[in-house]
Amino acid sequence: MKKLLALLIFTTSLVNAQYTVKGTMTPPDKGDWVILYKIEGAKQKFLSNTTIKFDTVAIGGEKQVLGKFSFELPNTATPGAYRATYRNTGVGFVDFLFNKENVEFVFNPKYPDQSVLFTSSRENKVYKEYLQEYNAIQKKIDSFQAAYIQTQSKDDKKAYKKELKELEDVQETYENKSEGMLVNSFIKASRRYNSSNPHESIEDYLSATTENFFEYIDFKSETLFNSSFLIDKINDYVFYLNFSEEKMIQQKLMRKAIVNVMDKVSSKKLRKAVIEYLINALTDKRNGPAVDWMFSEYYEQLPTEDQDDDFKKEKLEILLATVGRIAPDFSWKEVEQDYKLSTLNDGNNYLLVFWSTACPHCVKEIPELYKFMQTHKEVSVVSFGIENEETKWNEFVKNLPKWHNAIGTHPDNKWDNETVRKYQLLATPSYFVLDRNKKIIAMPDHVEDVEKYFNSINE
């Protein structure tokens, strides 16, 4: 009976065993909450949330405030990549690996990735050490590569090959050191392609880098899939490595990059995750033509059960007012006369500007814009006021004769006005250039961009 009781106690302790995840912010962030997620493909699965506890300590004779938080994971928690998020926007999270061990880390919330220091967790310590050693040598290799392109020096070539050998030794050391660990997959996949000899031109270097970008990445790895690793690499490849200032060239490069990525993704689960991620990213960039292409070329080719009509509808509604689309229609009155954007016929082009008298920047910019547009009378201007009420706006637009002046209000919130929502407006002023048929042909960011656009047409 004693042996049986001891066995039951031991078994119960195993079942109830928990692991802790502890973080320390120094200095603390403005908020007082942290959410723990498990990363699964391109999505995050909510696990728990907690509050930040603040503590004042003396360091080097000076008082310093720390923010501390803690989570408990059950014994059944799945090994993989996790994320502690402490902000709603921007880079406000720390990613870490969990593999049946306690995890503790210290970081500066303004620079989480660069500053994080793991004080507990062999998996994360090994990965951090690897990245620091590997990147330090890779930086030297890149500098010798750049020097060789300029000088074709034997000394630079020799130094390049010496550092390359050291890099290969570091890679081998950490692959052996992490054998049997979760982090082993990430160490193997983090390896960068380097030619055995330095390239003689920047064109050759860029071509080889692009062609071999995914050389060491296993797209079939469940470990990599259930982390942000694959998506981050795909994001870098599509949106940063294949880049051009020229918009037409950029569109072609981006599509070619996406085709290359999709050719490597055979897993049904990963394929769906990558397609949805790219559609989301392109929607955020307001790239309507690319989103249309992604839906047609890839999303609609997924098995029917993997498609979501609501997902597609949501993205296309966001992109109602983007370059290449016909501008969403709306109507207004001028001196008791009804007008509609779709039936206006008094310009070769149209400039649609959304602004508000409650926006100090607008109040300064709109008169500047009005003065400039007097030199481009072939362009019909439609100014749309996003207002809580009409009095102040009516007085202001008296100084904007010969413009079409429309106003949009809402009984609860002016940003909920139907037209404002159609155009997905987040700030004022916002500009849209339309052609004669009301197709959106440009979306300048600032009044200077508007001036630059119309001046370039007349050159």
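Within the accessible area of the chain, what % is carbon and sulfur when the probe is 1.4 Å and the other protein chains stay in place? Present the calculation step by step, with values, prior to reporting the outcome.
Details: 12970 of 25780 Å².
With neighbouring chains kept in place, the figure for the chain is 50 percent.
A quarter of the convex hull surface defined by the alpha-carbon atoms of the chain gives 33.5 nm² as the mean projection. Taking every Cα-Cα distance in region 236-304 and sorting them into 5 Å bins from zero, the calculated P(r) comes out as 3, 17, 29, 29, 14, 6, 2, 0 percent.
Simple spin-label estimate for ASN197 and LYS140 gives 2.2 nm between the two label positions (7 Å along the Cα-to-Cβ direction from each Cα).
Defining a contact as two alpha carbons under 8 Å apart and six or more residues distant in sequence, what relative contact order in percent does region 171-266 show?
Working: 59 pairs, mean separation 21.9, N = 96.
Reported as a whole number, the value is 23 percent.
The candidates ASP412, ASP142, arranged from most to least accessible area with a 1.4 Å probe in the full protein assembly, appear as ASP412, ASP142.
Considering all alpha-carbon pairs of region 11-103, what whole percent are spaced by more than 16 angstrom?
On the way: 2510 of 4278 pairs.
Taking all Cα-Cα pairs of region 11-103, the fraction more than 16 Å apart is 59 percent.
What does the convex hull of the Cα atoms of region 154-291 come to per residue, in Å³, rounded to a whole number? Please list the in-between numbers first.
Details: hull volume 15.9 nm³, N = 138.
Output value, Cα hull per residue: 115 Å³.
The figure for LYS313 is an accessible area of roughly 120 square angstrom, using a 1.4 Å probe on the protein chains alone. On the principal axes of its alpha carbon atoms, region 417-459 extends 38, 24, 9 Å, with the longest extent given first. Straight-line reach from LYS340: which aspartates and glutamates have a Cα under 14 Å away, not including same-chain ones fewer than 8 places off? Correct list for LYS340: ASP329. In angstrom, the C-alpha Rg and Dmax of region 200-265 are 12.9, 39.
Counting only protein heavy atoms and a 1.4 Å probe, the chain has 56 square angstrom of accessible area per residue.
Estimated at the nearest 10 Å², the accessible area of VAL259 is 50 Å² with a 1.4 Å probe. Note on LYS333 and LYS285: the model spin-label points, each 7 Å out from Cα along the C-beta direction, lie 4.5 nm apart.
Cα-based values for region 291-393, radius of gyration first and Dmax second, are 19.0, 56 Å.
Just by accessible area at a 1.4 angstrom probe, what is the order of ILE187, ILE202 from largest to smallest? Mind showing how you got there, number by number?
On the way: ILE187 0, ILE202 80 Å².
Accessible-area ranking of ILE187, ILE202, largest first: ILE202, ILE187.
Calculated mean residue ellipticity, 222 nm, the chain: -13000 deg cm²/dmol, from DSSP H runs (n ≥ 4) at -39500 (n - 2.57) each, averaged per residue and rounded to 500.
The values are calculated or read from the model by the stated rules, or taken from the named source; none is laboratory data. Computed from a predicted model, the values in this text were never measured in an experiment. When we count neighbours, we look across all protein chains shown, and the Cβ atoms used for this are built from the backbone with ideal geometry, even at glycine. Ligands, DNA and RNA are excluded from the accessible area calculation, which covers all protein heavy atoms including side chains. Shrake-Rupley method; radii C 1.70, N 1.55, O 1.52, S 1.80 Å.
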